[in-house]
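The values are calculated or read from the model by the stated rules, or taken from the named source; none is laboratory data. As the structure is a prediction and not an experimental result, all values here were calculated from the model. Here the Cβ positions follow ideal geometry from the backbone for every residue, glycine too, while neighbour counts run over all protein chains shown.
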Amino acid sequence: MGPSAAMTASHHRRLVFDPPGTAACVSAGVAFVRRALEDWELTDSPVTETDAVLVVAELLGNAVRHGGGALRVDLDQQGTRLQIAVTDPGPGRPVPARGLRPDRVGGHGLVIVDRLSLDWGSIPNAGGKTVWADLALPGL
């Protein structure tokens, strides 16, 4: 199952990826985002690529650990924003841990997503939820 693309305007591009429902989905999702940013010529800023890769890795990792596996990754560029959304079958809303604690192993993923994104949130749906994050695309 590979990406399918739809471009509706000069600065609106969208890709959808159906990852494997296992821990391998994290590395597959990271590769998908890297390939998309390269295809869309958005790799001029290493910050953009690094932030996007960290966000998708955290969202997919959470989907595997807490949501029963990722069902879909949506990547949507509209102008100077890049939205990454991960849909999983898990119930409930994700809740970030309270602050970063160096003595705690794990539990920092949504704090990282919050710090790297302009905005993020979750939307419940009939089959689970979609967790999304909007990133800035500098220089566009």
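Right, VAL95: surrounded by fewer than 19 Cβ atoms within 10 Å (Cβ to Cβ) and within 21 Å of ALA126 (Cα to Cα) or not?
Yes; evaluated as a whole, the condition is true for this residue.
Among the residues of region 32-48, which ones are within 12 Å of the chain's Cα centre (by Cα) and surrounded by fewer than 18 Cβ atoms within 10 Å (Cβ to Cβ)?
ARG34
All but one of (1) out of contact with any helix residue (DSSP H, G or I) (no Cβ under 6 Å at 6 or more places or on another chain); (2) farther than 20 Å from ASP119 by Cα hold for ALA23, so report the exception by its number.
For ALA23, the failing item is (1).
Restricting attention to region 118-140, which residues are at pLDDT below 95 and within 19 Å of THR43 (Cβ to Cβ)?
ALA136, LEU137, PRO138, GLY139, LEU140, listed by residue number.
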